[in-house]
Amino acid sequence: MRVTRAVCVAYAATCLAALMLIGAGALGWFGLSRGWAATVADLLSMPWSLLVAQMSDPGAVGRVVLGAAAMTLNLAIIFSVGRWLADRRA
């Protein structure tokens, strides 16, 4: 269970950093270019980002909100699978 928590914390921190970098890139902070953080966020929210891409365009804010929801869903799946594996070993 300790490994699952570590993986979840690392994934959540990476997701949070990607979402913060999207905002920083959009505002032009720190000289960041636009676009590359969105690609990282799309990769972190796979496969749900592919599903959202098939829907109508939700707009810039909608994409960030749906991406954050997809990352949260992935985090819940990772935690559930880790808990299931830990219970199976015990």
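The values are calculated or read from the model by the stated rules, or taken from the named source; none is laboratory data. In this text, all values refer to a predicted model and were calculated from it rather than measured experimentally. Please note: Cβ atoms are built from the backbone with ideal geometry, for glycine as well, and neighbour counts cover all protein chains shown. Heavy atoms of the whole protein, side chains included, go into the accessibility calculation; ligands, DNA and RNA do not. Shrake-Rupley method; radii C 1.70, N 1.55, O 1.52, S 1.80 Å.
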**Study point:** One residue from ALA76, ALA86 being under 14 Å from the mean Cα position of the chain (by Cα), of a type in the set (A, V, I, L, M, F, W, C) and within 22 Å of VAL9 (Cβ to Cβ)
**Key:** ALA76
Point to revise | Test for SER33: is it at pLDDT below 80 and either more than 29 Å from ARG2 (Cα to Cα) or part of a helix (DSSP H, G or I) (or both) | key: yes
Review point. Taking only pairs six or more apart or across chains, which ones have beta-carbon atoms under 6 Å, a first residue in segment 52-72 that is farther than 16 Å from ALA37 by Cα and among the β-branched types (Val, Ile, Thr), and a second residue that is modelled with pLDDT under 85 and exposed (fewer than 10 other Cβ atoms within 10 Å of the Cβ)?
Key: none
Check your understanding: Filter segment 45-64 for residues that are open to solvent by less than 90 Å² (accessible area, probe 1.4 Å) and out of contact with any Leu (no Cβ under 9 Å at 6 or more places or on another chain); which is farthest from CYS8 (Cα to Cα)?
Key -> GLY59
